[in-house]
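K.L.:
Just passing along the structure, written as structure tokens.
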Amino acid sequence: MTNFYNEILTDHNMHPVHKHELSCCTCSRDGINPSCGDEITLNLNVENGVITDGSFTGSGCAVSQASADIMLDLVIGKSVEDAKHLHELFVKMIHGDACPAEIDELEEAGALADISHMPARVKCALLGWRTMAEMVG
Amino acid sequence: MSEHDYKRDFPVFEKYPDIAYLDNSATTQKPQAVIDAVSRYYREENANPLRGLYELAVKATDAYENARIAVRDFIGAASEREIIFTRNASESLNLIAYSWGRANIRENDEILVTISEHHSNFLPWQILANEKRAKLKFLKCSETGEYTAEALKKALTPRTKLFAIAQISNVFGRVNPIKEFAEICRANGTLIVCDGAQSVPHIPVDVRELGVDFLAFSGHKMLAPMGIGVLYGREELLEEMPPFLYGGEMIEFVTLCGATFAELPHKFEAGTVNAGGAVGLHAAIDYINAIGFNEIERRENELTKLLVTEMQQVPHINIVGSHDPDEHHGIVTFTIDDVHPHDIAAIFDESGVCIRAGHHCAQPLHKYLGVQSTVRASVAFYNDENDVRRFMDCLKTIRRRMGYSD
Ligand SMILES: Cc1ncc(COP(=O)(O)O)c(C=O)c1O
């Protein structure tokens, strides 16, 4: 049994900070999970190797939407290299392979650690992260 | 209502006494009687059926063919030659499309399917129509999932060769008037393919009474093992149809340049058959007959009524299809305002309630209804009020769990 509908997740789902359009971003990309129908458009502003701003729009399950919002919280203001590193940690955590110190490093995204017990939902949690990694990778 | 605790017949509930299993439309649990029958077959009667020249193989053949006779009687077919064992309803429907379809559908012919068909009774016709440059047409339903004779008559043309429809939709749970539709089709020279995957397990089905040309269903949705399914076809039609798969046991005579094929039904059963599965299906039929459809329907209808009426009391719940519980036959598909079905399913899972979320292999219907995905609870006779209560208790908390105030 799982318990990942904690306050962090429901809060980011109901009151996302980064869910809005972003004018004059340097790149944007669609991420889709066809089987679930989760779809987001991720916008990033990357200047001199730093993610200076970001946003997303779209719809889907709470896990996909909250995870994208939390991801943006984490990577905005960080270098592309740091964002890639966090992506790696997140993937590790979602597959149940991260140690407590690594989960700490993921800050609020650590609230999604329990999703590793729900294989069918892993791709929901990864959607925003995967899309971000594809954009900066 | 629970004079008899049927759950005691199902070992899975001994192992997991705390789950409320409400995903019976996806597959049912298996009673001990079925598990024992399959086990006995492999312990006492196993050999390669239909090929044997020794006693054990004769036993295997008898076990397999007796299962066919049980299916014949269960659905009221005229002859066991009309009963073809397949893997599941999907394979049965594909068999019709490949064999009958490729031999009979020509350019500009029309195939009519309902908008609510399961992908298994949709894609084989779509592919066939594309391949033959035939036209695929859709029969539309009302918001309550109802198909009318008037709409059917209007949709049929002299070119309509085939009409594909489920007796009970796996989303609406409504019983379609197949007998009436079959008469309309016959008058128009149109064959009717009935998908019985959700009806055969839950209501008495008699193919001659219904007047259908083909009926497809799966064993695993009616207490039998996975991997055994049935295609019923009228004998005259099956006789004329070319084989679907080629190989062992479906021939009469093979030479370097040709072959003649075995008689019905073996013509359509290439290769080694799933005798253990057929034996399990036979045991499932015996088990269902022992309880009787009167009792099965009474229990399932009572549970459905309880479910629908209680759900109607809860704000923000939208039931797909009719508001009348009698039109649901164990299947209640719904959405909750502002909560994604996958989140709903995960919260139910936390409470040990097994339900299904997604498009239920009916994407065209979801698009037609304007919803991305839905949640579905489906009951069987072995469920009880406690399962419904567990479901309702959890359902009422979901919006709050997701942060909404009501
Ligand atoms: C109405 C209907 N038709 C066909 C099928 C396909 O059954 P199976 O997957 O056993 O082939 C199902 C089951 O999901 C169904 O509900």
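The values are calculated or read from the model by the stated rules, or taken from the named source; none is laboratory data. None of the values given here were measured: they were computed from a predicted structure. Every residue, glycine as well, gets a Cβ built from its backbone with ideal geometry; the counts of neighbours run over all protein chains shown.
K.L.:
Restricting to segment B:395-406, what's the tally of residues that are in a helix (DSSP H, G or I) and either within 12 Å of another protein chain (Cβ to nearest Cβ) or within 23 Å of the chain's Cα centre (by Cα) (or both)?
P.N.:
Counting residues in segment B:395-406 that are in a helix (DSSP H, G or I) and either within 12 Å of another protein chain (Cβ to nearest Cβ) or within 23 Å of the chain's Cα centre (by Cα) (or both) gives 5.
K.L.:
Follow-up. Looking only at segment B:31-61, which residues are in contact (Cβ under 8 Å) with a residue 12 or more places away in the chain and exposed (fewer than 14 other Cβ atoms within 10 Å of the Cβ)?
P.N.:
B:D36, B:Y42, B:E44, B:R51 - these are the residues of segment B:31-61 that are in contact (Cβ under 8 Å) with a residue 12 or more places away in the chain and exposed (fewer than 14 other Cβ atoms within 10 Å of the Cβ).
K.L.:
Determine which member of the set B:E82, B:E131, B:E117 is more than 9 Å from the ligand (Cβ to nearest atom), among the charged types (D, E, K, R) and crowded, with 24+ Cβ neighbours inside 10 Å.
P.N.:
Unique residue meeting the criteria: B:E82.
Listed here are the residues, each with its yes/no results for (1) touching a residue at least 24 places away in the same chain (Cβ under 8 Å); (2) within 22 Å of B:D337 (Cβ to Cβ).
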{"position": "A:C25", "(1), (2)": "yes, no"}
{"position": "A:G37", "(1), (2)": "no, yes"}
{"position": "A:A83", "(1), (2)": "yes, no"}
{"position": "A:G96", "(1), (2)": "no, no"}
{"position": "A:P100", "(1), (2)": "no, no"}
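K.L.:
Does any residue in segment B:252-272 that is assigned by TED's automatic domain parsing to the domain that holds B:I83 come within less than 7 Å, Cβ to Cβ, of a residue that is of a type in the set (V, I, T) and modelled with pLDDT of 95 or more six or more places away or on a different chain, and which pairs are these?
P.N.:
B:P265/B:I83; B:P265/B:I84; B:F268/B:I84; B:E269/B:I84
K.L.:
Hand me the list of helices (runs of 4 or more DSSP H) wholly inside segment A:66-137 holding 1 or more residues that are within 14 Å of chain B (Cβ to nearest Cβ).
P.N.:
A:119-136
K.L.:
State whether one or more residues within segment B:335-352 are crowded, with 23+ Cβ neighbours inside 10 Å, in contact with a Ser or Thr (Cβ under 6 Å, 6 or more places away or on another chain) and of a type outside the set (G, A, S).
P.N.:
The answer is yes; a qualifying residue exists.
K.L.:
Then there's this: Please indicate, with yes or no, whether at least one residue in segment A:121-134 is in contact with a Leu (Cβ under 9 Å, 6 or more places away or on another chain), crowded, with 18+ Cβ neighbours inside 10 Å and without any contact (Cβ under 8 Å) to a residue 40 or more places away in the chain.
P.N.:
Checked segment A:121-134: no residue is in contact with a Leu (Cβ under 9 Å, 6 or more places away or on another chain), crowded, with 18+ Cβ neighbours inside 10 Å and without any contact (Cβ under 8 Å) to a residue 40 or more places away in the chain.
K.L.:
Checking B:L139 against (1) away from the ligand (no atom under 16 Å from the Cβ); (2) touching a strand residue (DSSP E or B) at 6+ places or on another chain (Cβ under 7 Å), which single condition isn't satisfied?
P.N.:
Of the numbered conditions (1) away from the ligand (no atom under 16 Å from the Cβ); (2) touching a strand residue (DSSP E or B) at 6+ places or on another chain (Cβ under 7 Å), the odd one out for B:L139 is (1).
K.L.:
While we're on this one: Among the residues of segment B:214-237, which ones are more than 15 Å from the ligand (Cβ to nearest atom) and surrounded by fewer than 24 Cβ atoms within 10 Å (Cβ to Cβ)?
P.N.:
Scanning segment B:214-237 gives B:R234, B:E235, B:E236, B:L237.
K.L.:
Oh, and also: Tally up the residues in segment A:7-32 that are facing chain B (nearest Cβ under 10 Å), under 16 Å from A:C124 (Cα atoms) and more than 13 Å from the chain's Cα centre (by Cα), please.
P.N.:
The qualifying residues number 1.
K.L.:
Here is a follow-up. Based on what the data block shows, is B:A97 away from the ligand (no atom under 13 Å from the Cβ), under 21 Å from the mean Cα position of the chain (by Cα) and surrounded by 21 or more Cβ atoms within 10 Å (Cβ to Cβ)?
P.N.:
Yes, satisfied.
K.L.:
Here is a follow-up. Is one or more of the residues making up segment B:306-314 out of contact with any Leu (no Cβ under 8 Å at 6 or more places or on another chain), β-branched (V, I, T) and buried (at least 17 other Cβ atoms within 10 Å of the Cβ)?
P.N.:
Yes, there is a match, as at least one residue in segment B:306-314 is out of contact with any Leu (no Cβ under 8 Å at 6 or more places or on another chain), β-branched (V, I, T) and buried (at least 17 other Cβ atoms within 10 Å of the Cβ).
K.L.:
Looking at segment B:154-163, can you tell me whether even one residue there is among the hydrophobic types (A, V, I, L, M, F, W, C) and within 13 Å of the ligand (Cβ to nearest atom)?
P.N.:
no
K.L.:
Does A:D38 meet the test of being within 11 Å of the chain's Cα centre (by Cα), within 14 Å of chain B (Cβ to nearest Cβ) and not hydroxyl-bearing (S, T, Y)?
P.N.:
For A:D38, the condition - within 11 Å of the chain's Cα centre (by Cα), within 14 Å of chain B (Cβ to nearest Cβ) and not hydroxyl-bearing (S, T, Y) - is not met.
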